[in-house]
Every structure is written in C-alpha cells, then in structure tokens.
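The values are calculated or read from the model by the stated rules, or taken from the named source; none is laboratory data. Because the structure is a prediction, the values reported are computed rather than measured. Note that we place each Cβ from the backbone using ideal geometry, even for glycine, and neighbour counts take in every protein chain shown. For the accessible areas, the whole protein counts, side chains as well, though only heavy atoms, and no ligand, DNA or RNA atoms are used. Shrake-Rupley method; radii C 1.70, N 1.55, O 1.52, S 1.80 Å.
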Amino acid sequence: MSALPPNAPPPAPPELHIASLVVHALPHRLPDVRAAILAIAGSDIHGASDTGKLVVTLEAPTTDDMMARISEIQRLDGVLASALVYQHADTLAAMNEEIGDAHGS
C-alpha cells in the first residue's frame, strides 16, 4: 500500500449524485426505452405516459458517472429528447444525516 505524498490533499469523501429527468421517447419504442433505462445502474422510472414521456431518476457516485448515464439515456434509440429537472450532490455522510422534524424530535 502506498502512502500519499506529504503535501497531497486528503482523498475526497464518497459522494452521492441524484438527478431527475423527463425523457421523451417515440411511443412505439417506449417498451424498449424503458428496458434500456432500467438496465442503467442507479436508474428508476417513476412514471410514464402513452405519449412517450418518462419520469426518471438516476443515482451515481461521481459527476462523471452521472454525466455518462445521462448521455447514455440521450443516445438510446427511440429517445427524442431528455430534460434535466433536478440535480443534487453531497457527501454520503451528509445524505445519511438524520434531520429532525419541525417539532424538534
């Protein structure tokens, strides 16, 4: 095991990146697009319409991984467009921190 050089910054703490997208697919390709999205690590589909719109969330450990997953969805055969709706990144420690409710419990 190699030690860090004396002036090297400490390694960054593990992170979690979360994003939500609206994906518009050709309606006749919707089953294939759904299956392809669900095959992507950290993906979930929360809703779909018969017109080809999907509500998708993604989780990834890094910005680069998140961008790769979004790009993969955009390049799927049958996808017409995707729009990023929400994105958040924080350390795993912060994401797992318990937050009390409004009553202080």
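Please work out the FRET efficiency for the pair THR62 and ALA93, using the Cβ-Cβ distance as r and a Förster radius of 22 Å; give the result to the nearest 0.05.
Given R0 = 22 Å and the Cβ-Cβ separation, E is 0.85.
With springs connecting C-alpha atoms under 10 Å apart, model the chain as a Gaussian network and identify which of PRO13, PRO61, PRO27 has the largest mean-square fluctuation.
PRO13
If I take every Cα pair under 8 Å that is 6 or more residues apart in the chain, average their sequence separation and divide by the length, what percent do I get for the relative contact order?
Details: 153 pairs, mean separation 40.2, N = 105.
Answer for the chain is 38 percent.
In whole percent, and with a 1.4 Å probe on the protein chains, what portion of the accessible area of the chain is carbon and sulfur?
Numbers: 4090 of 7130 Å².
Answer for the chain is 57 percent, counting heavy atoms of protein chains only.
Which of the three applies to the range 1-55, rounded, prolate or oblate, going by the alpha-carbon gyration tensor with a ≥ b ≥ c and a/c under 1.5 meaning rounded?
Cα axes put the range 1-55 in the prolate bin.
Helix-derived [θ] at 222 nm for the chain: sum -39500 (n - 2.57) over DSSP H runs of at least 4, divide by residue count, nearest 500? Could the numbers behind the result be given before it?
Numbers: 3 runs with 25 residues, N = 105.
My calculation for the chain gives -6500 deg cm²/dmol from helical runs alone.
How many Å³ per residue does the convex hull of the Cα positions in the chain occupy?
Working: hull volume 17.9 nm³, N = 105.
Taking the convex hull of the Cα positions in the chain, it is 170 Å³ per residue.
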